[in-house]
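Below is one structure, written out as structure tokens; the observations come after it.
What follows is calculated from the coordinates using simple rules that are stated; it is not laboratory data. All values derive from a computational prediction rather than experimental measurement. As a convention, Cβ positions derive from the backbone with ideal geometry for all residues, glycine included, and neighbour counts pool all protein chains shown.
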């Protein structure tokens, strides 16, 4: 009986990965079409947190697509928060289908049939445009991130990079990459020494630079000495996909939201990479927490881990206000 249940859950995880992938691919043509055309950029919390009309439009499209795939499922999105998708999704217009046509391959139809009864057991965690600042500025490093939880556990994820026409996907057991040219499994095979590794780092950020400038400079100097080079591309989910693929050594930051990292951390774990996800004064579960360190499976990121743990200790002693 236990083997039967496990096999069923593995099948569901693969189906949810198939649906997350289909949703990411469905919005990619629209994002390619509107890239480098956005002129109206607003801000949310501050000037470092931009949003465009396309973020909202794509998130709305994902609600319709995912709600149609698994009626009554839940969603947590960057632009609209958490809510239940309607059990009877609204009918879509011809214009919607023109912009957001769902690729209805047989595997997608089969996955929809098998997942239709899951309802609120499924929660989608989505970022319609991860890397909005890049998108708004005309830079190509942005993506759509879709993670799927089943009974409050992340079991699948997909990260679509529209401009390069690539997508990175993971179910419960396998992580893989697809492009127009090829499909291959990912195993987080990257460098094995810090001095050989590219570190994608969003630390220190504005908060620590303002609150603890000496500590921030010290952390930056120690990381710069330890790693081959440091980059800050600006789209966390796609950065994490690079770790899962083995194309970068490590990635870290301390102020991520669940939709920034849910799919990406799942990909890294399934690909066999290393993940440290610290709560920083939150009660979020592992895989959704704000402090992230991910690395290739043969790389022990000693300095990045030391720095991250120092931040965790600072917050534990002084509260999250220590970072702002």
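A Förster radius of 25 Å, combined with the Cβ-Cβ distance separating residue 300 from residue 105, puts the computed FRET efficiency at roughly 0.05.
Out of all DSSP beta bridges with both ends in the chain, state the antiparallel percent to the nearest 5.
Working: 42 of 52 bridges.
Of those bridges, close to 80 percent are antiparallel.
The overall shape of the chain, judged from the alpha-carbon gyration tensor, is prolate: a/c is not under 1.5, and a/b is greater than b/c. By other beta-carbon atoms within 10 Å, ranking 259, 247, 124 with the fewest at the front produces 247, 259, 124.
So how tilted is helix 2-34 from the main axis of the chain? Cα-based, degrees 0 to 90, rounded to 10. Result, in degrees: 80.
Run the numbers for residue 139 and residue 121: contour at 0.36 nm per residue of separation, minus the present Cα-Cα distance, in nm.
Working: separation 18, 0.36 × 18 = 6.48 nm, distance 3.69 nm.
Between residue 139 and residue 121, full extension yields an extra 2.8 nm.
Between 0 and 90 degrees, the angle of helix 302-318 with respect to the longest Cα principal axis of the chain falls at about 90 degrees. Size check on the stretch 170-324: the Cα extents along the three principal axes, sorted descending, read 48, 33, 23 Å. Residue 309 label point, 7 Å along Cα→Cβ, cut-off 20 Å on backbone N: hits in the stretch 233-259? Answer for the stretch 233-259: 250-255.
Specify whether the C-alpha gyration tensor of the stretch 102-164 places it in the rounded, prolate or oblate class, a ≥ b ≥ c being the square roots of the eigenvalues: rounded for a/c under 1.5, otherwise prolate if a/b is larger than b/c and oblate if not.
Values: a/c = 3.54, a/b = 1.78, b/c = 1.99.
Verdict is oblate for the stretch 102-164.
Per DSSP helix of 4 or more residues, -39500 (n - 2.57); summed, then divided by the residues of the chain. What does that give at 222 nm, rounded to the nearest 500? Could you put the intermediate results ahead of the total?
Details: 10 runs with 133 residues, N = 324.
Estimated from H runs of four or more residues: -13000 deg cm²/dmol.
Is the stretch 2-185 rounded, prolate or oblate when judged by the Cα gyration tensor, a ≥ b ≥ c being the square roots of its eigenvalues, rounded requiring a/c under 1.5 and prolate requiring a/b larger than b/c? Judged from the Cα gyration tensor, the stretch 2-185 comes out prolate (a/c at least 1.5, a/b above b/c).
Computed over the stretch 83-153, relative contact order equals 27 percent, with contacts defined as Cα pairs under 8 Å that lie 6+ residues apart. The alpha carbon centroids of the stretch 129-155 and the stretch 72-92 are separated by 17 Å. A Förster radius of 56 Å, combined with the Cβ-Cβ distance separating residue 87 from residue 225, puts the computed FRET efficiency at roughly 0.50.
On the principal axes of its alpha-carbon atoms, the stretch 159-216 has extents of 47, 29, 23 Å, going from largest to smallest. Of interest is the spacing of the C-alpha centroids, which for the stretch 210-259 and the stretch 273-324 amounts to 11 Å.
Let's test the formula: R0 of 45 Å, r as the Cβ-Cβ distance of residue 94 and residue 7. What FRET efficiency results, to the nearest 0.05? Don't jump to the answer; show the numbers that get you there.
Values: r = 41 Å, r/R0 = 0.91.
Step by step, r from the Cβ atoms, then E = 0.65.
Taking the longest Cα principal axis of the chain as reference, the axis of helix 236-245 is set at about 90 degrees.
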